[in-house]
1. Three principal axis extents, largest first, for the C-alpha atoms of region 69-166, in Å?
2. In Å, the Kirkwood hydrodynamic radius of region 65-119 over pairs of distinct alpha carbons?
3. In debye to the nearest 20, how big a dipole does the chain give about its Cα centre with +1 on each Lys and Arg Cβ and -1 on each Asp and Glu Cβ?
4. Can you run phi through the Karplus equation (6.51, -1.76, 1.60; θ = phi - 60°) for region 90-100 and list ³J(HN,Hα) in whole Hz, with x for Gly and Pro?
5. Which one, Ala163, Thr129, Thr151, projects farthest toward the positive side of the charge dipole computed for region 67-166 from Cβ point charges (K/R +1, D/E -1)?
6. Bins of 5 Å, beginning at zero and ending with the bin holding the largest distance: percent of Cα pairs per bin for region 110-166, please.
7. Of the options Gly104, Phe40, Phe119, report the single residue whose Cα projects farthest towards the positive end of the charge dipole of the chain (beta-carbon charges: Lys, Arg +1; Asp, Glu -1).
8. Which net charge results when you count Lys and Arg as +1 and Asp and Glu as -1 among the other residues whose beta-carbon is under 13 Å from that of Leu90?
Amino acid sequence: MAAPQSGLAQAGGSFDFLHGRWSVIHRKLRARLAGSRDWFEFPGTLEVEPILSGLGNVDRNVLHDPAGRYEATSLRLFDREAGRWSIYWLDARSPTTVDPPVVGGFSGRKGTFFSDDSFAGRPIRVRTTYEPLGADTAEWTQAFSADAGATWETNWVMSFHRAARS
C-alpha cells in the first residue's frame, strides 16, 4: 500500500499551482511542422479547480483566437497505481472528439507529458509541459515531433498570469 500513498501525495500537490483563475496569453505558430517562425498571439482566460480529492482537476479555457472565439476543457487525472497523470483535451470546435491523453509526471516543479497522435495525416509525438514560474505566473508548452522524438518543434505556448482575487 505504500505506492498509493506516495502517489496520492504526489497527486495532491503536483497541479496545486494551477488552481484558480488566470489570464492567458496564447502564442501559436501559424504553420506546424512546416519550418515556420511566424507566431501570432491572442488572449484568453483559464479557470482550474481540483476534483476527486486531489486526484484530478478540470479547467475551462476561453480562447479569443483571431479565427474565432472558442472554449476548451482539460481534464487531468492521476493514476495512483502507475504514478502518472493523464491529461485529456476537449475542444468546442470538435466537441465529440477527445484527443489522446498526454501522459507523464513531474520532475521537481516541471511536469512533462507525452502522447502519440497524428497531424496532417502523419504520425507524431506530442509533448506538453507545465511549469510554475512564480507565485502568480506559470507556463504551458506544446511541441510536436515528426521523427519519434529526435527533434521537437514548440508550436503553442500559454503564459498564465493569475487573475486578481476579488
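No lab work stands behind these numbers, since they all come straight from the coordinates. Nothing here was measured: the structure is a model prediction, and the numbers come from that model. Quick reminder, even Gly has a Cβ in these numbers, built from the backbone with ideal geometry, and neighbours come from all protein chains shown.
1. 46, 34, 29
2. It works out to 12.8 Å.
3. 200
4. Ordered by residue, 3J(HN,Hα) equals 10, 10, 5, 6, 8, x, 9, 10, 10, 4, x Hz.
5. Positive-end residue among those listed: Ala163.
6. 5, 18, 24, 19, 13, 10, 7, 4, 2, 0
7. Comparing the listed Cα positions along the dipole, Phe40 ranks first.
8. Values: positive: Arg60, Arg76, Arg93; negative: Asp59, Glu71, Asp91, Asp99.
So the environment of Leu90 carries a net charge of -1.
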